[in-house]
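Worksheet for the structure shown next.
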Amino acid sequence: MSAKEKDISGSKTMTKNPSLILDDEVFLRMNLAERIQHIVLITTFLILMLTGLPLIFYELKFLKPIFSLEKSFYVRGILHRVAASVLILNVIWHAYYTIFTKRGRNNFKELLPGLKDLKDAFELFWHNLGLMRFLYRKGFLKKFLEAHPYWLFEKAPEFGRYNFIEKFEYWAVVWGSVVMIISGFFMWNVELSLSLFPLWVHDIFVIVHGYEALLAFLAVIIWHMYNVHLNPEVFPMSKVWLNGKITGKELRTLHPLEYQKILEERKERL
Ligand code: HEM
């Protein structure tokens with residue numbers, strides 16, 4: 001393994017057994033159903049953003065045509081509702097897939113957050129900051145850090161099938177979808193909403209729908225786009241969402257614990 005690979009992964013467990021897992025061996029990370037669900041999510045999310053956010057930023061000059069032409073405003077509303085309906089169907093399909101297929105259930109188990117994720121987040125933060133190693137080099141806390149090298153955060157934490165960032169993103173989509181669907185449903189059916197709840201509850205639906213949309217927009221633009229495009233480990237783009245494939249080398253560097261698990265299983269089978 002080259003020094004460069006080691007730098008990129010920052011991984012502790014770099015056992016490489018070329019006879020059991022080849023660097024160019026291909027593993028399936030996202031199957032066709034999962035990729036279609038993801039593409040439908042991207043498409044509906046984009047349409048919902050483009051047809052929803054102008055209502056919040058209606059004062060912006062370049063959005064004025066949407067509001068000045070009666071037809072374009074009407075079409076915007078239709079598009080928002082069509083995309084919302086497809087999003088709801090996609091959510092139902094994903095729930096069905098998660099409950100009724102073995103792979104869906106396994107993915108779900110792997111996505112459940114645990115204490116290790118908190119520990120990983122804490123360790124990755126300090127590892128990336130490099131503060132403790134800097135202080136050590138400058139001669140501060142020398143005795144303590146030599147007695148407790150953990151606090152130097154020399155190695156980045158190792159991840160399994162899903163790291164804490166991927167888990168967080170998944171649960172943010174679950175949570176965001178529930179909030180947007182419930183609030184959007186009652187905004188769509190105002191009479192039903194007002195027959196069930198007082199006006200202030202309906203007002204909360206509208207406020208929550210707008211702010212959650214902004215939050216989701218920023219999270220996707222800043223966070224998700226960094227993790228799957230700009231992150232040096234995957235730059236210019238992780239192609240998993242297109243071909244579903246991950247190589248032995250990517251598995252070893254990005255998901256070393258999953259790599260180890262497969263390696264152990266193969267060793268047992270020998
Ligand atoms: C990620 C998903 C979604 C995003 C980003 C989104 C975004 C937005 C935004 C920003 C607004 C303007 C809110 C305001 O005026 O303060 C809005 C309005 C609205 N949304 Fe959504 N929305 C989403 C999903 C949904 C869903 C699932 C439904 C229906 C079940 C829905 C139905 C509505 C309705 C009825 C309005 C009122 C404006 C109109 O008549 O088009 N939205 N949406």
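Close Cβ contacts (under 6 Å, 6 or more residues apart or on different chains) running from residues in segment 69-86 that are within 19 Å of Phe185 (Cα to Cα) and open to solvent by less than 50 Å² (accessible area, probe 1.4 Å) to residues that are assigned to a loop (DSSP other than H, G, I, E, B) and near the ligand (Cβ under 7 Å from one of its atoms) are absent.
Enumerate the pairs (first residue in segment 179-200 and touching a residue at least 12 places away in the same chain (Cβ under 8 Å); second residue anywhere and outside any helix (DSSP H, G or I) and surrounded by 14 or more Cβ atoms within 10 Å (Cβ to Cβ)) with beta-carbon separation below 9 Å, excluding pairs fewer than 6 apart on the same chain, so at least 6 apart or on different chains. What qualifies is Phe186/Phe197. The condition of being among the hydrophobic types (A, V, I, L, M, F, W, C), touching a residue at least 60 places away in the same chain (Cβ under 8 Å) and away from the ligand (no atom under 16 Å from the Cβ) holds for only one of Leu111, Leu124, that being Leu111.
Screening the candidates Lys143, Lys116, Lys155, Lys138 for the property of being among the basic types (Lys, Arg), under 20 Å from the mean Cα position of the chain (by Cα) and open to solvent by 90 Å² or more (accessible area, probe 1.4 Å) yields one hit, Lys116. The set of residues from segment 245-261 being touching a residue at least 24 places away in the same chain (Cβ under 8 Å), buried (at least 18 other Cβ atoms within 10 Å of the Cβ) and not basic (Lys, Arg) comprises Ile246, Gly248, Leu251, Thr253, Leu254, His255, Pro256, Glu258, Tyr259.
In a residue-by-residue description of segment 104-120, the property of being over 22 Å from Ile165 (Cβ atoms) and in a helix (DSSP H, G or I) applies to at least one position. Does at least one position in segment 184-198 carry a residue that is over 24 Å from Arg76 (Cβ atoms), assigned to a helix (DSSP H, G or I) and open to solvent by less than 50 Å² (accessible area, probe 1.4 Å)? No - not one qualifying residue is present in segment 184-198. Within segment 42-58, restricting attention to residues that are under 22 Å from the mean Cα position of the chain (by Cα) and open to solvent by 50 Å² or more (accessible area, probe 1.4 Å), the residue that is nearest to the ligand (Cβ to nearest atom) is Phe45. The residues in segment 90-103 that are surrounded by 12 or more Cβ atoms within 10 Å (Cβ to Cβ) and in a helix (DSSP H, G or I) can be counted, and the count is 8.
The values are calculated or read from the model by the stated rules, or taken from the named source; none is laboratory data. Fair warning: this is a prediction, and the values are worked out from it, not measured in the lab. Backbone-built Cβ (ideal geometry, glycine too); neighbour counts: all protein chains shown. The accessibility values were calculated without ligands, DNA or RNA, using every heavy atom of the protein model including side chains. Shrake-Rupley method; radii C 1.70, N 1.55, O 1.52, S 1.80 Å.
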